[in-house]
1. From (1) of a type in the set (Val, Ile, Thr); (2) under 28 Å from B:Thr40 (Cβ atoms); (3) not in a strand (DSSP E or B), pick out the condition that doesn't hold for B:Thr278.
2. Suppose we keep only residues that are open to solvent by 10 Å² or more (accessible area, probe 1.4 Å) and aliphatic (A, V, I, L, M) within the stretch A:378-394. Which one would you say is farthest from the other protein chains (Cβ to nearest Cβ)?
3. Taking the stretch A:348-371 on its own, how many of its residues are within 12 Å of chain B (Cβ to nearest Cβ) and over 18 Å from A:Glu279 (Cα atoms)?
4. Specify the residue that is surrounded by the fewest Cβ atoms within 10 Å (Cβ to Cβ); the eligible residues are those in the stretch A:82-108 that are within 11 Å of chain B (Cβ to nearest Cβ) and hydrophobic (A, V, I, L, M, F, W, C).
5. Is it true that A:Phe425 is at pLDDT below 85 and closer than 30 Å to A:Ser270 by Cα?
6. Among B:Ala291, B:Ala272, which is the only one that is more than 14 Å from chain A (Cβ to nearest Cβ) and among the small types (Gly, Ala, Ser)?
7. Which of the numbered conditions does A:Gln253 fail, given that it passes all the others? Conditions: (1) open to solvent by 30 Å² or more (accessible area, probe 1.4 Å); (2) without any contact (Cβ under 8 Å) to a residue 40 or more places away in the chain; (3) more than 14 Å from chain B (Cβ to nearest Cβ); (4) polar (S, T, N, Q).
8. Return only the number of the condition from (1) more than 30 Å from B:Asn379 (Cα to Cα); (2) in the same structural domain as B:Asn242 (by TED's automatic domain parsing); (3) outside any helix (DSSP H, G or I); (4) open to solvent by less than 50 Å² (accessible area, probe 1.4 Å) that B:Ser209 does not satisfy.
Amino acid sequence: MTNVAQLELSQTGRRKTPTVLYMWVGAILTFLAISALLSFLAIQTMSASGSRIVNSTGPVVISTQGLVASIAEADAANTAVFLSGIDGGIEDVSQRRLYESALARAPQQIEDISAGIGDDETTHNALKQVALQLTEYAGVVERARLANANDLDGAIPELEESLDLTGGPNGMLRNASEITTRTQDQFSNDIFAGGFLWAAAGVFLVVTLILLVIAQVRLRTLTKRLVNFGLVTSTVFVVVLTVWLAAATIGRQADLDNASNEASLDIAASASLQASAFEYKTQETGAIIRESRAELPNQTTVEAIDESLRRVNELADSNRERALAVEVQTRWDRYLDASGVISARVLQGNFAEARAEVSGEGNQTFNGFNTSLEALLLLNQEQFDASVTSAESRLEWLNYGALILPFLAGVAAWLGYRPRINEYF
Amino acid sequence: MLRSRRAFLRRTSALGVGAFLTGCAATTTATERVPRATSTVNIINWAEYLPLEALDLFTGSTGLATVNYQEDYVDNVSGFTNIIEPQLRNGGTPNFDLIVPTQWLAGRMIDNGWVEALPLEIIPNHVNLDPRFMTSDFDRGSRFQMPWQGGMTGISYNPERTGQPVTSVEQLFDPALRGRVGLIGEMREAVGLAMLANGDDPARPDPESAAAGLALLIELANAGHFRSVVFDDFVGELTSGNLDATMAWSGQAAALQLDSPEFEFVIPNEGAISWFDTMVIPKNAVNYGSAAAWMNWAYDPAVAAQISAFNLYVCPVLGTQDALRSLGGFEATLADNPLIFPDTETRNRLFTWGALDLATELDLEARFDALTEQVGFAN
């Protein structure tokens with residue numbers, strides 16, 4: 001190529017930019033344009049997925065676990081109210097208020113979830129089912145309460161139905177779990193959105209850089225200038241864009257991985273713990289209201305809780321989170337102490353005392369556990385939000401940079417090839 | 001004391017405007033500030049909430065050189081207007097490290113992002129927090145505040161002067177006591193009791209029922225029913241004979257009974273208003289770690305037992321009953337006092353003010369302040 005260019009120059013005898021060099025600049029400009037387009041599209045795709053995470057995926061995961069906590073708290077309080085009022089006992093009004101307060105939070109949480117789940121039909125159906133079940137649950141609780149107050153036979157079956165609606169195989173907690181799973185899948189997709197475009201943009205930028213370097217080496221042999229400022233400037237712009245794009249996307253990915261850890265792992269572990277603990281409590285209540293020793297919490301549930309607690313401790317990645325995980329463990333142990341007394345009463349056949357223990361210490365300690373777990377969840381949420389916000393801030397201005405820098409690089413490259421007096425040999 | 005009319009008007013109007021303006025402020029973020037040990041801590045609390053000799057115990061157990069403990073928190077309105085809002089509104093560095101507003105105001109501070117998240121890693125005694133205090137909607141699990149003491153607003157009276165027991169809000173509002181009754185200066189408690197008299201539920205207020213409660217108080221005030229607005233000074237007003245009966249805070253009423261058994265404190269038949277004052281660390285507090293050390297110290301059941309035995313308010317610290325029993329004597333009798341450790345029967349008669357939307361609450365506060373201005377403060 002160099003020989004051809006020199007021949008062309010010598011034949012024409014005119015001091016102008018050789019045609020082959022126009023071809024070079026054309027190639028560089030084409031690559032710059034493609035790099036700009038791919039970079040811009042990659043950033044747009046990543047921004048869109050980031051917005052989805054900020055406005056949809058994250059809030060849905062968190063609100064769903066908040067909903068689970070509300071249902072668990074409402075049901076624990078309702079059970080305490082019911083058991084305190086059984087056999088003509090005085091209903092625990094403070095627990096009734098706690099039940100009402102927890103139940104009152106649930107519709108807003110459902111609304112928050114609904115606003116963020118997009119158009120996924122499975123998730124919509126699961127949420128719709130939870131909303132219906134919640135309404136049904138409130139009705140069943142009132143019927144159970146009324147029957148209990150009037151000492152009617154139907155009271156216990158109504159309470160059993162309410163327990164089934166919350167923790168049963170097709171209960172609200174199961175449906176909430178479905179929402180969480182689907183949303184976490186969506187989150188995983190969003191994390192990697194734009195990855196292909198980003199890689200392609202990177203390849204084109206690197207190729208452009210190589211072209212610019214070769215061009216400068218070639219021009220040194222054709223011109224009197226040691227340094228072609230136009231091409232050097234162009235190279236600098238491309239290097240800046242390449243480094244900026246790489247740093248921003250790698251940093252963003254690290255932030256999102258961190259968010260993923262908070263959202264998918266920590267929250268999943270907390271959710272699993274919440275579900276297992278609730279299952280334990282439901283089994284305990286079932287054993288009391290049906291006066292059945294065989295229905296006391298089984299070893300599988302206990303092991304699942306131990307495993308979840310271990311996982312929650314293991315995943316805690318800040319001093320504060322570790323402190324909260326320790327508190328969750330301590331409060332669970334307190335509940336287990338109360339539960340041990342309850343189980344002993346059930347095994348002795350002393351169901352009246354077992355009921356009193358559930359309404360008193362059992363319920364209080366369970367609420368302590370449940371609320372501290374909720375606090376841990378809220379901390380995870382804040383960490384998640386902070387990571388996602390940081391991830392999104394890394395793309396700030398980059399979409400402008402992706403268009404402006406290649407444009408400037410193109411102008412500089414073109415200027416670098418412009419003919420100047422006596423420049424070419 | 002901030003009981004002058006002008007000062008009160010100034011602080012109340014600023015509370016309303018300030019709260020509105022801060023509605024758009026940044027919310028508390030997830031940033032985990034690293035607590036560092038300092039040699040001092042500046043605390044602002046209500047009066048008669050702590051035996052001051054306990055301060056030496058704190059410095060002795062934590063190694064801190066200085067505790068600047070001020071009993072300057074008179075009421076929530078002046079506390080907000082004179083202390084909290086001027087120092088925290090613009091994100092400055094406050095001259096205090098820990099303050100103890102009532103729970104509703106703490107909730108507002110948290111919403112405004114004016115409160116540091118608690119460094120739970122150096123507050124291991126957080127685990128001693130009674131779960132009953134962990135369910136507030138504004139701070140589930142208590143990550144931004146730790147209750148100092150709870151209390152009940154009921155009725156304190158002198159049976160010799162009333163001539164008959166005053167066991168209900170209805171009786172407190174009876175024209176027979178006209179001109180001899182004290183009105184508590186906290187809106188949620190006074191209006192809450194009036195709502196109970198109306199048969200409404202202050203735990204689930206709506207604008208109409210709350211307005212009806214306030215209207216009842218205004219009607220009574222217009223009829224000259226209230227002699228004065230009181231805070232913790234209700235004790236002096238009762239003992240001096242200025243008041244025959246008053247809305248009263250449980251801890252000081254119980255202390256009054258110890259000194260003067262002729263005075264009675266009752267949870268009205270309709271119910272009482274429960275509340276708690278809670279420790280918060282303001283944003284950018286200089287001695288953040290030391291404030292956390294104070295919280296941790298206060299949540300040691302042995303310390304909490306001494307605090308409860310002093311102020312007789314509702315204790316939020318698990319294990320305190322056992323600690324009181326182990327002290328024996330007078331302290332041991334407090335372990336079964338339902339005013340400090342409410343039993344189920346007592347709890348069933350308590351109502352915690354439920355939140356209304358901010359605009360409605362501010363409107364109620366403004367109208368209640370006008371009412372207190374009309375009635376006048378005890379001197």
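1. Of the numbered conditions (1) of a type in the set (Val, Ile, Thr); (2) under 28 Å from B:Thr40 (Cβ atoms); (3) not in a strand (DSSP E or B), the odd one out for B:Thr278 is (3).
2. If we take residues in the stretch A:378-394 being open to solvent by 10 Å² or more (accessible area, probe 1.4 Å) and aliphatic (A, V, I, L, M), then A:Leu378 is farthest from the other protein chains (Cβ to nearest Cβ).
3. Summing the residues that are within 12 Å of chain B (Cβ to nearest Cβ) and over 18 Å from A:Glu279 (Cα atoms) in the stretch A:348-371 gives 3.
4. A:Ile90
5. no
6. On the way: B:Ala272 fails: more than 14 Å from chain A (Cβ to nearest Cβ).
Of B:Ala291, B:Ala272, the one residue that is more than 14 Å from chain A (Cβ to nearest Cβ) and among the small types (Gly, Ala, Ser) is B:Ala291.
7. Unmet for A:Gln253, out of (1) open to solvent by 30 Å² or more (accessible area, probe 1.4 Å); (2) without any contact (Cβ under 8 Å) to a residue 40 or more places away in the chain; (3) more than 14 Å from chain B (Cβ to nearest Cβ); (4) polar (S, T, N, Q): (2).
8. Of everything listed in (1) more than 30 Å from B:Asn379 (Cα to Cα); (2) in the same structural domain as B:Asn242 (by TED's automatic domain parsing); (3) outside any helix (DSSP H, G or I); (4) open to solvent by less than 50 Å² (accessible area, probe 1.4 Å), B:Ser209 misses just condition (3).
The values are calculated or read from the model by the stated rules, or taken from the named source; none is laboratory data. All values reported here derive from a predicted model rather than from experimental measurement. Here Cβ is always computed from backbone atoms with ideal geometry, including for glycine, and neighbour counts include all displayed protein chains. Ligands, DNA and RNA are stripped out before the accessible areas are found, and what is left, the full protein with its side chains, is counted by its heavy atoms. Shrake-Rupley method; radii C 1.70, N 1.55, O 1.52, S 1.80 Å.
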